[in-house]
Amino acid sequence: MPRKKVSLTTKTRKRVIKTAVFYDPFGGGGKTVEEQIADDVKYYSGEYGPFDGKIKLNWYRVDAIHELKPKTELVLFDFGGMSMAYGAVGNLMYDHSRAVIQWALDNPSALIIVTSSFTYDSAVECEMKELGFAELPNIVKGNKEIPAWFLDSTTPPDFINGGFCGRCRVTFTGEWRCAMDPDVRLECPKCGKIVGDECWSDKKQLCGDCAGW
């Protein structure tokens, strides 16, 4: 019986990630937005990028948060160019940043990478503080490491167990049951809020609207 030939080279299959690119139309760094997107997609897919060449971006572009498609796992966000405009148009950087933050809260298994340090420092970080968050586990600045939970295809721990107050960032002590249990009512020891019980009863994650902040 003839032997089967065994290949000595094995090709590692890349993880395909559905990715939304949410960039302003002005571009940056002397590049058009099209050039900026092409460079960033190449960087995040590349062997020497933060994913070590282990992913392939199945990407599409959006101009507003409501255009994000179901099952999107990754959002690349940069709206710093809008800060150069005036009036209501200039406020779009902050408006879109807040919308991205709310989407992150509603989609805890997805990751938002703010590829522009200016956008993160000037808008996203400020809007998070306005909403009562020092940080969120699924929003990262572009020059930071990719969180291990995302690389492992798991959900950020802070969102799984409900053991922290999104408003005060303090951890609950003592015994408490799974946050997805509709009978659980967790009171933040710092601000006294009953945190997110309405959201949990509907099998949703913690969000400011449901928590009544």
- Message: Taking 8 Å as the Cα distance limit and 6 or more residues as the minimum spacing, I'd like the relative contact order of the stretch 15-151 as a percentage.
- Response: 24 percent
- Could you give me the ³J(HN,Hα) list for the stretch 65-77, computed from phi with Karplus coefficients 6.51, -1.76, 1.60 and θ = phi - 60°, whole Hz, x at Gly and Pro? 5, 5, 8, 5, 8, x, 6, 5, 9, 9, 10, 9, 10
- Note on the structure: In whole Hz, the Karplus estimates of ³J(HN,Hα) for the stretch 40-48 (6.51, -1.76, 1.60; θ = phi - 60°; x where Gly or Pro) are 5, 4, 5, 5, 6, 8, x, 4, 9
- Item | Ser116 long-range amide H proximity, modeled H, under 5 Å | Gly142
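The numbers here are math on the coordinates, done by the rules we state, and not lab data. In this text the structure is predicted, and so the values were computed from the model without any measurement.
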